[in-house]
């Protein structure tokens, strides 16, 4: 390698391929562990749940889990092939060359590259998404989505994505091309400001485009919930019921918004399945996240990680070996910032996979803390009952593989979670 630029390019290519293959092997090993463990425990409900979960429900949860994991294996393979197609096999390079020939070099071409990538990737992902919704979710009785609603969602999300995403992308690309070496610091500030703004405007302006949010009308439940929030020192903009049942039978509840724009949202499916004391307990769990400042901690972590990411991108964007090492051949003397963004976005998840268990562990610890807070504010028995109903109604397996849980689960497994609150349940 007489050319000094070939060596770092070769190292990047080799490191990328090795990390990609190791990651794929790791994910397959974990998925096979999960399938084996769930299948081995399919025919017996764990003793701790024998009085509350039927064998039929346990079978359904096991089968649903195995089907999803096997489908995930297909997604892994296709995702790896698509990633290689975009990078080392020349997909991004070919798309970029064609757009340059058509549009020339400049901002329009760079935005077209970003838009073209999103469009093509969306088309590639669509069959898998349709299969998951209309075959897997349908088979297990969870899908309530119609084709008409699906098309409407796609059109709305595409339009909103273009109206919001293109101006932000144009601003960041302009910064990359004009501010100089510290562009990444200014771009990070813009990106963080945008994300904080989105926390405020999303529940008020965007979410209602996809779902109806009606004020909670059940006066008894409203009184209970209001009393609970006052007792916990929490205020919200309002209590709302969302028509989640028009897309899925899965149940949930969440807080959305930021600052004074916070809202409490209940899925209509949740209110149909839980008693008022159980709803209280689920809400207290969510309040526990705020009490322990988990949301703020996650925002700070997101700030720190995105700052590190922008700094790293700032160092890589001007290096020709970064592009050639990932299968892209471009003219470094013309604007190429959109290509840097795409390559970075595509390849960053490959190494991040190996540290993801650390973030999952932190998330599980937060869930334990929120559970403990809910038990203190309401009833351990009600929280346990609510969780069991949600596990059963969502067909969540009660017997996941412990290693799989440690690597992937952002929430603790059912057995471990209920064991932590057992003293409060039995007291």
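The values are calculated or read from the model by the stated rules, or taken from the named source; none is laboratory data. All values derive from a computational prediction rather than experimental measurement. Cβ placement follows ideal geometry from the backbone for every residue including glycine, while neighbour counts extend to all protein chains displayed.
Residue check: residue 21 meets all listed conditions (1) surrounded by 15 or more Cβ atoms within 10 Å (Cβ to Cβ); (2) closer than 30 Å to residue 332 by Cβ but one, namely (1).
The residues of the stretch 95-106 that are assigned to a helix (DSSP H, G or I), more than 30 Å from the chain's Cα centre (by Cα) and surrounded by 14 or more Cβ atoms within 10 Å (Cβ to Cβ), listed by number, are 97, 99, 100, 103. Quick one: would you say residue 207 is in contact (Cβ under 8 Å) with a residue 40 or more places away in the chain, farther than 30 Å from residue 276 by Cα and surrounded by 15 or more Cβ atoms within 10 Å (Cβ to Cβ)? When the stated conditions are applied, residue 207 does not pass them. Figure legend. Inter-residue proximity from the stretch 38-54: first residues closer than 13 Å to residue 392 by Cα, second residues modelled with pLDDT of 90 or more, beta-carbon distance below 7 Å, spacing 6+ or different chains. Indicated pairs: 45/55; 45/58; 49/398; 53/45; 53/398. When each of 88, 111, 84 is tested for being closer than 20 Å to residue 327 by Cα, touching a residue at least 40 places away in the same chain (Cβ under 8 Å), within 28 Å of the chain's Cα centre (by Cα) and part of a helix (DSSP H, G or I), the lone residue that passes is 84. Restricting attention to the stretch 186-222, which residues are touching a helix residue (DSSP H, G or I) at 6+ places or on another chain (Cβ under 7 Å) and farther than 30 Å from residue 280 by Cβ? Within the stretch 186-222, 186, 187, 188, 190, 191, 192, 194, 209 meet the criteria.
Here residue 280 clears all of (1) surrounded by fewer than 18 Cβ atoms within 10 Å (Cβ to Cβ); (2) more than 30 Å from residue 332 (Cα to Cα); (3) more than 21 Å from the chain's Cα centre (by Cα) except the condition numbered (1). Give the number of residues within the stretch 210-248 that are modelled with pLDDT of 85 or more, exposed (fewer than 14 other Cβ atoms within 10 Å of the Cβ) and not in a helix (DSSP H, G or I). So the count comes out to 4.
State whether one or more residues within the stretch 59-70 are over 26 Å from the mean Cα position of the chain (by Cα), part of a helix (DSSP H, G or I) and over 28 Å from residue 15 (Cα atoms). Yes: the stretch 59-70 contains one or more residues that are over 26 Å from the mean Cα position of the chain (by Cα), part of a helix (DSSP H, G or I) and over 28 Å from residue 15 (Cα atoms). Kindly provide the set of residues from the stretch 135-146 that are in a helix (DSSP H, G or I) and touching a residue at least 12 places away in the same chain (Cβ under 8 Å), ordered by number. If the condition is that a residue be in a helix (DSSP H, G or I) and touching a residue at least 12 places away in the same chain (Cβ under 8 Å), then 136, 137, 139 are the ones that fit.
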